[in-house]
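Below you'll find the structure, written out as structure tokens, and then a few comments.
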Amino acid sequence: MTTEKKQGIFFIISAGFFFALMTLFIRISGDLPTMQKTFFRNAVAAIVAVAMLAKSKEGFRIKKSSYGDLFCRSICGTLGMVCNFYAVDHMGLADANILNKLSPFFAILMSIMILKEHANIVEWISVAVAFIGAVFVVKPAMNMQFVVAMIGVLGGLGAGMAYTFVRKLGKKGERGPVIVMFFSLFSCAFTLPFFLVQYQPMTGRQWLYLILAGGCAAGGQLSITKAYTKAPAKEISVFDYTQVLFAALLGFFFLGQIPDILSVIGYVIIIGSAIFKWNYLQKQP
């Protein structure tokens with residue numbers, strides 16, 4: 001294994017840890033409006049991205065051809081994040097994280113429609129198996145928990161669509177920090193009216209938790225960007241699922257959450273599908 005690949009694996013596992021920690025801080029920040037939490041999470045990331053671009057040689061220059069895709073990426077990513085945070089607040093951390101990790105499978109479907117790419121039989125099988133796994137986590141039933149789980153699935157759909165537009169922007173040569181800055185500022189602008197109308201006063205501890213959530217989000221975004229500069233996605237993407245393991249451990253130690261047997265079966269199926277697809281891609285030239 002090359003040094004570059006080892007570094008890529010390290011950074012993508014680091015990203016998984018940061019994002020899992022972010023969901024913990026979102027959860028323990030208490031009974032605050034979802035839009036309020038989303039605003040703070042993106043405000044910190046926006047500050048980090050703006051600071052990075054301010055120091056870069058190209059500054060804040062954005063390609064003219066990127067604006068439409070930047071808006072689409074930001075809309076999908078923001079709606080996906082709101083759904084994910086709602087799920088984090090109302091179900092187990094590991095469950096919410098695994099539903100969000102359906103995003104790579106949704107990305108395959110979205111790539112067909114948005115990028116006109118064609119999925120092969122192995123990718124179709126991996127998508128089908130992953131959604132079978134999701135059924136175990138969602139546990140279809142006529143109750144509120146099912147509604148919350150479906151909102152979590154919508155979070156994964158939003159993220160998958162957002163990643164597809166990120167891929168499209170990458171093909172155009174748009175810079176990573178530009179994509180992060182545009183998304184973060186858009187999310188702040190989108191959530192600000194809800195934030196102002198629904199604002200609930202926060203304690204010093206809640207301020208701290210939300211600032212830490214934003215810092216972890218920025219750390220996760222920077223880590224995952226760094227990971228994919230070190231090694232191709234097909235070689236390291238499966239390690240992104242360590243986020244689910246970190247979330248399960250954090251949920252157990254800090255919140256006393258223990259996933260039920262159906263959820264665990266769902267985790268195994270979804271992660272197994274990802275490993276199956278990753279192993280297939282490893283063998284391709």
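Tabulated values for the structure
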| read-out | value |
| --- | --- |
| 21 Å Cα-Cα reach of Lys116 towards lysines, excluding residues that sit fewer than 8 places from it in its own chain | Lys168, Lys171, Lys172, Lys234, Lys277 |
| Exposed GluC sites (Glu not before Pro) absent - longest run of the chain, DSSP non-H/G/I/E/B, at most 15 other C-beta within 10 Å | 118-285 |
| Net charge of neighbours whose Cβ lies under 15 Å from the Cβ of Leu154, counting Lys and Arg as +1 and Asp and Glu as -1 | -1 |
| Per residue accessible area in Å² of region 159-271, where ligands, DNA and RNA are left out and the probe is 1.4 Å | 49 |
| Carbon plus sulfur fraction of accessible area for region 11-122, probe 1.4 Å, in percent | 69 |
| Accessible heavy-atom area order of Lys139, Lys283, Lys6, highest first, probe of 1.4 Å | Lys283, Lys6, Lys139 |
| Fraction of accessible area attributable to carbon and sulfur, region 128-285 (%, probe 1.4 Å) | 75 |
| Cβ-based charge dipole, region 1-139, positive-most Cα from Tyr67, Phe17, Val135 | Tyr67 |
| Karplus-derived 3J(HN,Hα), 6.51/-1.76/1.60, for each residue of region 65-72, Hz, glycine and proline x | 6, 8, 4, x, 5, 5, 5, 4 |
| Loop trypsin sites (Lys or Arg not before Pro), region 153-221 (other Cβ atoms within 10 Å of the site Cβ: 15 or fewer; DSSP) | Lys172 |
| Per DSSP, loop trypsin sites (Lys or Arg not before Pro) in region 27-98 with at most 13 further Cβ within 10 Å | Lys57, Arg61 |
| Alpha carbon centroid spacing (whole Å) that separates region 227-263 from region 28-66 | 24 |
| Residues of region 1-113: accessible area per residue with a 1.4 Å probe, Å² | 40 |
| Sequence ranges 245-253, 151-159, ranked by mean other-Cβ count within 10 angstrom, highest first | 151-159, 245-253 |
| Dipole moment magnitude, nearest 20 debye, region 59-173 about Cα centre, only Lys, Arg, Asp, Glu C-beta charged | 660 |
| Separation in nanometres of the label points that stand 7 Å from Cα toward Cβ, at His118 and Lys283 | 2.1 |
| Cα-centred dipole magnitude for region 171-238, charges only on beta-carbon of K, R (+1) and D, E (-1), debye, nearest 20 | 240 |
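The values are calculated or read from the model by the stated rules, or taken from the named source; none is laboratory data. Since this is a predicted model, take the numbers as computed values, not measurements. Using ideal geometry, Cβ is built from the backbone for each residue, glycine included, and neighbour counts are taken over all protein chains shown. When the accessible area is computed, the model is the full protein with side chains, heavy atoms only, and any ligands, DNA or RNA have been set aside. Shrake-Rupley method; radii C 1.70, N 1.55, O 1.52, S 1.80 Å.
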